[in-house]
Amino acid sequence: GLQLLITGHSLGAALAVLVAAGLNADPGRATAVPVLAFAEPPVAQALRRRTQARNLPLGSAYVLADAHDPVQRAAIRAGVVGTPCTWAAGDAPPSCAACDFATGRRSSGCVECILATHTLKHYLSLIRGPRPTCESAIDGGSTNTGGAPSC
C-alpha cells in the first residue's frame with residue numbers, strides 16, 4: 001500500500017496533526033500515518049476535546065521546534081500531541097526575552113523574535129544541523145516513561 005508521511009510548519013503543522021489523527025482513526029489502517037510537525041501551535045486541547053488525540057499512536061508524531069520560538073514554547077506548555085523535540089540553537093535572540101505567547105506578554109520585539117525563530121526558512125536551516133533533543137513521548141496527554149525516542 002501507499003506509505004504517507006505528513007508534515008507541515010506552523011498552521012500547516014497543526015493541520016498535519018489533525019489530518020494524521022483523522023487518518024489514524026480508520027480501523028482498517030494497518031500502520032500508523034506518521035507526522036512531523038514543525039513549530040506546531042497549540043492544537044492538543046482541540047484534539048482531546050474531539051477525542052482524536054488517541055488516534056496518533058505513540059511514536060508516530062514528532063513536534064520539532066526551536067527552543068527559543070515563542071509560539072512553540074506556548075504550545076509545549078499547553079501540551080502537544082506527540083513527542084516534543086527541540087533544537088537549542090544557541091542563545092535566544094534578545095528580542096525574545098519580552099515575548100511570551102503563553103502568558104500574553106508581548107513587545108514590539110516579538111516580531112523580530114518570530115522572524116528569527118519561527119519562520120520556515122529558519123526551520124529548514126535547523127534540519128541541516130544536529131538532531132533535536134526529544135522528550136518522552138506523549139499520547140493523548142499521558143507521558144510515556146519508557147524513554148525518549150531517537151529523532
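What follows is calculated from the coordinates using simple rules that are stated; it is not laboratory data. Computed from a prediction, not measured in an experiment: that's the story for all the values here. Because the Cβ atoms are built from the backbone with ideal geometry, glycine has one as well, and the counts that use them run over all protein chains shown.
Using a Förster radius of 22 Å, what is the FRET efficiency between Ala74 and Thr133 based on their Cβ-Cβ separation? Nearest 0.05, please.
Calculated transfer efficiency: 0.70.
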Query raised in the report: Using θ = phi - 60° and the Karplus form 6.51 cos²θ - 1.76 cosθ + 1.60, what ³J(HN,Hα) does each residue of segment 20-34 get, whole Hz, x for Gly and Pro?
Result: 4, 4, x, 5, 6, 6, 5, x, x, 6, 7, 10, 6, 7, x
Query raised in the report: Counting Lys and Arg as +1 and Asp and Glu as -1, what is the net charge of the other residues whose Cβ lies under 9 Å from the Cβ of Ala39?
Result: -3
Report summary line: Extension length gain for Ala98 and Leu120 (0.36 nm per residue less Cα distance), in nm, is 5.7 nm
